[in-house]
Amino acid sequence: MNNHQLFLSHIHEEKELAVLIKTAIEEEFSGFVEVFVSSDGTSIPAGSNFLKRIEDGLVNCIGALYLISPISVKRNWINFELGAVWIRNAISIRNEGAEIPALPFCHSNMTPAMLPQPIGNLNAITANQASQLEFAFRSIQTAVGGKGSLRTDFDALAHQVVLFEREYTLGSTVVDLFKSIGGDMEKLVQHCGSQPTGIKRTTLELGFIPTELVKKIQGYQNNELEGKIELTTKNPGMSFGTQGAVNGAEASVVIDIQLVVEFKELLLNV
């Protein structure tokens with residue numbers, strides 16, 4: 001086994017980012033650092049005892065990286081694996097041994113300032129910022145006893161992280177949009193899934209919606225869902241209901257059918 005093994009902790013949904021970071025590290029420290037990623041297809045060969053391999057990785061690593069998003073921070077495995085390295089580090093330092101660094105890589109709308117305790121006590125980085133990626137790589141370099149200049153193009157690596165984040169966070173954006181709009185999600189998914197080839201868009205009539213919702217949908221239209229939805233409003237005015245007078249307008253939204261098909265499992269759980 002490579003004596004300089006890093007343990008990269010992640011949830012299954014973030015496998016692509018884990019492999020991206022693993023590849024970048026192993027290319028930077030070629031032949032000197034090995035990154036353990038449970039879902040990469042090589043760190044845990046087929047037929048191996050999964051839990052035993054995880055245990056070995058946690059026991060033998062000289063440092064650990066944690067991919068932390070608003071989703072993963074709530075998962076038991078991340079916290080379990082973080083705790084294991086945390087205790088190893090405390091014991092090592094108490095015995096005057098080497099420090100075993102634990103580095104959270106915040107991504108997909110998670111920032112170091114948002115980290116809950118005790119993770120917030122660690123020296124976390126924001127993974128889509130080149131300067132902070134370089135800081136993390138230099139921390140790894142120190143942990144393995146290396147020195148000298150780094151070869152990685154951190155601007156390019158940060159850009160790859162941004163591309164992952166855009167795709168990864170799209171699902172939660174789509175769910176929030178349709179939760180706000182309301183309606184029967186099962187019928188919507190069935191309708192979009194049954195459209196003939198060539199039909200790429202469908203229109204949802206929303207009726208009268210409040211101004212706040214109009215602005216929210218417009219925000220998505222101009223940012224995260226640009227080119228995928230198109231809101232139309234007419235007859236702006238005031239509606240009177242059980243909650244009193246509400247400003248708004250009649251609205252309809254044209255949506256990309258593929259948006260619904262791609263995230264149907266998430267939508268059906270709304």
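The values are calculated or read from the model by the stated rules, or taken from the named source; none is laboratory data. The shown structure was predicted, so the numbers you read here are calculated from the model rather than taken from an experiment. Cβ: placed from backbone, ideal geometry, glycine included. Neighbour counts: every protein chain shown.
Restricting to helices (runs of 4 or more DSSP H) lying wholly in the range 94-204: which have 1 or more residues that are closer than 30 Å to residue 26 by Cα?
Answer list for the range 94-204: 130-143, 154-181.
From the list 216, 187, pick out the single residue that is surrounded by fewer than 14 Cβ atoms within 10 Å (Cβ to Cβ) and either at pLDDT 90 or above or not assigned by TED's automatic domain parsing to the domain that holds residue 72 (or both). Walk me through it before giving the result.
On the way: 216 fails: surrounded by fewer than 14 Cβ atoms within 10 Å (Cβ to Cβ).
Going through 216, 187 in turn, the sole match is 187.
Identify, from the list 98, 102, the residue that is buried (at least 19 other Cβ atoms within 10 Å of the Cβ) and over 30 Å from residue 224 (Cβ atoms).
Of the residues listed, the single one that is buried (at least 19 other Cβ atoms within 10 Å of the Cβ) and over 30 Å from residue 224 (Cβ atoms) is 102.
Scan the range 10-32 residue by residue and report those that are farther than 19 Å from residue 81 by Cβ, free of Cβ contacts under 8 Å to residues at least 40 places away in the same chain, assigned to a helix (DSSP H, G or I) and not polar (S, T, N, Q).
The answer is 26, and nothing else.
So, residue 198, is that one closer than 26 Å to residue 223 by Cβ and more than 26 Å from the chain's Cα centre (by Cα) or not?
So residue 198 does not fit the description; no.
If you scan the range 47-57, which residues turn out to be surrounded by fewer than 20 Cβ atoms within 10 Å (Cβ to Cβ) and either outside any loop (DSSP other than H, G, I, E, B) or at pLDDT 75 or above (or both)?
Passing the criteria: 50, 51, 52, 53, 55, 56.
Filter the range 219-239 down to the residues that are within 11 Å of residue 249 (Cα to Cα) and surrounded by 15 or more Cβ atoms within 10 Å (Cβ to Cβ), then identify the one that is modelled with the lowest pLDDT. Explain how you work it out, then say what you get.
Taking the range 219-239 as the starting set, the residues that turn out to be within 11 Å of residue 249 (Cα to Cα) are 232-239.
Restricting the remaining residues to those that are surrounded by 15 or more Cβ atoms within 10 Å (Cβ to Cβ) gives 233, 239.
Numbers: 233: 96, 239: 83.
Within the range 219-239, the match that is modelled with the lowest pLDDT is 239.
Being surrounded by 15 or more Cβ atoms within 10 Å (Cβ to Cβ) and among the small types (Gly, Ala, Ser) is the filter here, so list the residues in the range 117-174 that pass it.
Once the filter is applied, which keeps residues that are surrounded by 15 or more Cβ atoms within 10 Å (Cβ to Cβ) and among the small types (Gly, Ala, Ser), the range 117-174 yields 124, 127, 130, 136, 139, 143, 146, 158, 171, 172.
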